[in-house]
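In what follows, a single structure is set out as structure tokens and then discussed.
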Amino acid sequence: MASDRKKIRIGIAEDQSIFRNGLVKLLNDIEGFEVVLAVENGQLLVNALRTIPLDLVLIDFRMPVKNGIEATKEIRILFPDMKVLLLSMYDDMEFVELAIENGANGYLSKDDDAEEIQLAIRSAVETGYYLNDRTSKMFIAKMVHAGKIRPTFEETPPTVFNSNEMAILKMICNEMTTQEIADKLFKSRRTIESARTLMMNKVGARNVVGLVMYAIQNGIVG
């Protein structure tokens, strides 16, 4: 039963008290989540991590005393297994690359809704990464090839997919939309969506980005 699972222990570093308090309430209302630490800067977070065991931290990109990048770099050295998601108002490739290059497991926009935040946290804890479906597939390929993103999957052999799924996966990696794939294969949009969901379940990916990472990591696409 879901209630029997170990809760994901979360820490938050965010200098805006209204946003921080709202995030604490939102996350504590989600089954399986527990916010055990909420502070206003990165230095307080790093100090607290020495005595408070956590699974994941959400860190604001811009903060006084120690900002998100500085805190992430220090956490990566002191607590290498800690999962880190950076929070920002920005949602562009430059910010995402900066976050990943400095040790974050992913990022979230402050505009993301509760469902996206929940997905991000579970993905980071379970697979070691989170990037949203808006993220460029070319950027993802660059990060995986460079070893800056090291995702983990439930299945590693690429033969886990049948020929039809393999064709769909390659088209996804070529940035084709669901409708374009459906038209190409003379199938309904719902059929393509069902196949995509099945592939995600097979490898333990939580979104399309995970499928793309799987394909790159296993040499299905370049």
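The values are calculated or read from the model by the stated rules, or taken from the named source; none is laboratory data. All values reported here derive from a predicted model rather than from experimental measurement. Glycine also receives a Cβ, built like all others from the backbone with ideal geometry; neighbour counts cover every protein chain displayed. Areas reflect the complete protein model, heavy atoms only, side chains present, ligands, DNA and RNA absent. Shrake-Rupley method; radii C 1.70, N 1.55, O 1.52, S 1.80 Å.
Cβ-Cβ contacts under 6 Å between residues 6 or more apart (or on different chains), taken from a first residue in the range 43-62 that is at negative phi to a second residue that is aromatic (Phe, Trp, Tyr) and modelled with pLDDT under 95, are listed as LEU49/PHE79. Out of ALA141, ALA124, ALA114, report the one residue that is open to solvent by less than 40 Å² (accessible area, probe 1.4 Å), small (Gly, Ala, Ser) and at pLDDT 85 or above. Unique residue meeting the criteria: ALA124. Might you let me know whether the range 145-162 holds any residue that is closer than 30 Å to LEU27 by Cα, at pLDDT 85 or above and surrounded by 14 or more Cβ atoms within 10 Å (Cβ to Cβ)? Checked against the condition, which is being closer than 30 Å to LEU27 by Cα, at pLDDT 85 or above and surrounded by 14 or more Cβ atoms within 10 Å (Cβ to Cβ), the range 145-162 yields no hits at all. For the range 190-222, the set of residues classified as over 12 Å from ILE168 (Cα atoms), touching a residue at least 60 places away in the same chain (Cβ under 8 Å) and open to solvent by less than 30 Å² (accessible area, probe 1.4 Å) consists of GLY204, ALA205, ASN207, VAL209, GLY210, MET213, TYR214, ILE216, listed by residue number. The set of residues in the range 70-91 being touching a strand residue (DSSP E or B) at 6+ places or on another chain (Cβ under 8 Å), open to solvent by 10 Å² or more (accessible area, probe 1.4 Å) and either within 18 Å of LYS148 (Cβ to Cβ) or not charged (D, E, K, R) (or both) consists of ARG76, MET82, LYS83, MET89, TYR90. For first residues located in the range 128-147 and within 16 Å of GLU116 (Cα to Cα) and of a type in the set (A, V, I, L, M), partners that are modelled with pLDDT of 75 or more and surrounded by 15 or more Cβ atoms within 10 Å (Cβ to Cβ) and lie 6+ apart or on another chain with Cβ distances below 8 Å form the pairs LEU131/VAL96; LEU131/GLY106; LEU131/TYR107; LEU131/ILE140; LEU131/VAL209. Among the numbered criteria (1) open to solvent by 10 Å² or more (accessible area, probe 1.4 Å); (2) without any contact (Cβ under 8 Å) to a residue 60 or more places away in the chain, which one does VAL96 miss? Going through (1) open to solvent by 10 Å² or more (accessible area, probe 1.4 Å); (2) without any contact (Cβ under 8 Å) to a residue 60 or more places away in the chain one by one, VAL96 breaks only (1). All conditions in (1) farther than 21 Å from GLY103 by Cα; (2) basic (Lys, Arg); (3) in a helix (DSSP H, G or I) hold for LYS142, with the sole exception of (1). So is GLY106 within 20 Å of VAL46 (Cα to Cα), open to solvent by less than 10 Å² (accessible area, probe 1.4 Å) and within 15 Å of the chain's Cα centre (by Cα) or not? Spelling it out, GLY106 is indeed within 20 Å of VAL46 (Cα to Cα), open to solvent by less than 10 Å² (accessible area, probe 1.4 Å) and within 15 Å of the chain's Cα centre (by Cα).
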